[in-house]
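The values are calculated or read from the model by the stated rules, or taken from the named source; none is laboratory data. Given the structure is predicted, the values throughout are model-derived calculations rather than measurements. Here the Cβ positions follow ideal geometry from the backbone for every residue, glycine too, while neighbour counts run over all protein chains shown. Remember, those area values only see protein heavy atoms, side chains included, never the ligands or the DNA or RNA. Shrake-Rupley method; radii C 1.70, N 1.55, O 1.52, S 1.80 Å.
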Amino acid sequence: MGFPNAYLQSNGQRNNQLQIFEQDRKTYERQQAEKAQMLNDAVQANNDIRYDLPSNINNPEVTEYKKSFIKLQRMLNGAEPANLKQAVFAVEDAYFGGKLNYSTFNGKIQRLIEIARMKATEDGYNWKDPLVRNVMLFRVLADKLTIKVPGKEGTITSYPMQYDFEDFMGEKDYTNMFVCKLLSSKTGQCHSLPLLYLILCEETGTQANLVFAPSHSYIKFKDIKGNWHNIELTNGHIVSDAYILGSGFIKAEALKNRIYMEPLDKKQTIAHCLNDLGLEYSHQFGYDKFISQCADTALKYHPTNLSARMSKANYQTARFEYVVNQVGRPHPDSLKTQYPKVYQLLQERNLTYQYIDRSGYQEMPKEAYQAWLRSIDKEKEKQKHRPKMIEYLTPIK
């Protein structure tokens, strides 16, 4: 019986096949060696990657920041009493390297409280009434008050706080955002004015809450009937919820997720101050892990704090950019296979941005921002020609 034709091969054919097999084997071995070398190179490259931003935390100039972080953290975890006045001072004092004078800071606060109390008494109102305190503390910030000095013929005049039109975002001087600057210059904005009002309330046992709106913060307080009222300290008026919603940038999702128009309690407000500490740090020293530490701790006690969430996103972006530049900024697909730890940083950052988007955050368009600036200019002209007036119910005598 013969063999099938397919198996009838000459010696020359068999030799050719052996040569082809040998060439394929060598090619395969070379490719495997190249892959092994690439893997070794990738492993070595991954070992050489610095995954954390350069830190300034051991810089002696940031010592006060570490102290302030610990103080606010202790307030949040209950290790010491939550005190907004001390928290705000600690945050601002860190920026000045521990050189602020607490006695001066506190003295100016107590002076405002005394003026409000004296004016209430002079006008025949009961200072022990919480609503009277809410209104009079508002008036000491928003009105020009003239008070007769008890037992003397003279008077003292307290002038209202004004909106800082020159540098309301602290771009020229970051300290223009501070309460200590507001106390000294009587000019502030929607960051410092509500904080000062809350400090005055805290010092007098008066209830009020910090509230956020897009790129803005204001005050809510309840009257004796349990009705909420909105204090807008940037223009010195009591405003309605409709006025706040009228900005057009508060989406239904934002209200549902409680990132806007939701009263904060004291711990949540101090958590926000902790994020402020991280923002100040980044302004002075750039981004490193301390910013993430501040933002993460703030979010632990106030998970819906949009400012802290954005601080975290900005830190994650800075960290990813720093790391991916070390490996030559490859395509994400290559990043996923060759540098999985770097790819994970990208995923973490994207998840934070997705959370912000789902929360209902809406960035204010350039045109709307310019329109808001024009409205600020109009208010500035009004302030030049007349003092602010309060349009509110007469306090109970």
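Values for this structure:
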| read-out | value |
| --- | --- |
| Sole residue being assigned to a helix (DSSP H, G or I), under 22 Å from residue 85 (Cβ atoms) and not aliphatic (A, V, I, L, M), chosen from 190, 180 | 180 |
| Out of 312, 256, sole residue that is surrounded by 18 or more Cβ atoms within 10 Å (Cβ to Cβ) and charged (D, E, K, R) | 312 |
| Among residues of region 168-179, those that are modelled with pLDDT under 85, open to solvent by less than 40 Å² (accessible area, probe 1.4 Å) and not small (Gly, Ala, Ser), counted | 1 |
| Yes/no for residue 259 being more than 15 Å from residue 272 (Cβ to Cβ), under 20 Å from the mean Cα position of the chain (by Cα) and part of a loop (DSSP other than H, G, I, E, B) | no |
| In region 198-216, the residues that are surrounded by fewer than 16 Cβ atoms within 10 Å (Cβ to Cβ) and hydroxyl-bearing (Ser, Thr, Tyr) | 215 |
| Qualifying positions in region 287-324 - within 16 Å of residue 345 (Cβ to Cβ) and of a type in the set (S, T, N, Q) | 292, 314, 316, 317 |
| Matching residues, region 228-252, being within 27 Å of residue 144 (Cα to Cα) and either open to solvent by 70 Å² or more (accessible area, probe 1.4 Å) or not in a loop (DSSP other than H, G, I, E, B) (or both) | 228, 229, 230, 231, 232, 237, 238, 239, 241, 243, 244 |
| The listed residue being at pLDDT below 90 and out of contact with any helix residue (DSSP H, G or I) (no Cβ under 6 Å at 6 or more places or on another chain), out of 86, 19 | 19 |
| Hey, residue 219 surrounded by fewer than 19 Cβ atoms within 10 Å (Cβ to Cβ) and part of a strand (DSSP E or B) or not | no |
| Candidate set: region 180-197, residues that are among the small types (Gly, Ala, Ser) and open to solvent by 10 Å² or more (accessible area, probe 1.4 Å); chosen: the one modelled with the highest pLDDT | 184 |
| Among residues of region 137-153, those that are part of a loop (DSSP other than H, G, I, E, B) and open to solvent by 40 Å² or more (accessible area, probe 1.4 Å), counted | 5 |
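Residue-by-condition table, conditions (1) part of a helix (DSSP H, G or I); (2) touching a helix residue (DSSP H, G or I) at 6+ places or on another chain (Cβ under 9 Å):
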site	(1), (2)
57	no, yes
73	yes, yes
79	no, yes
93	yes, yes
105	yes, yes
109	yes, yes
114	yes, no
119	yes, yes
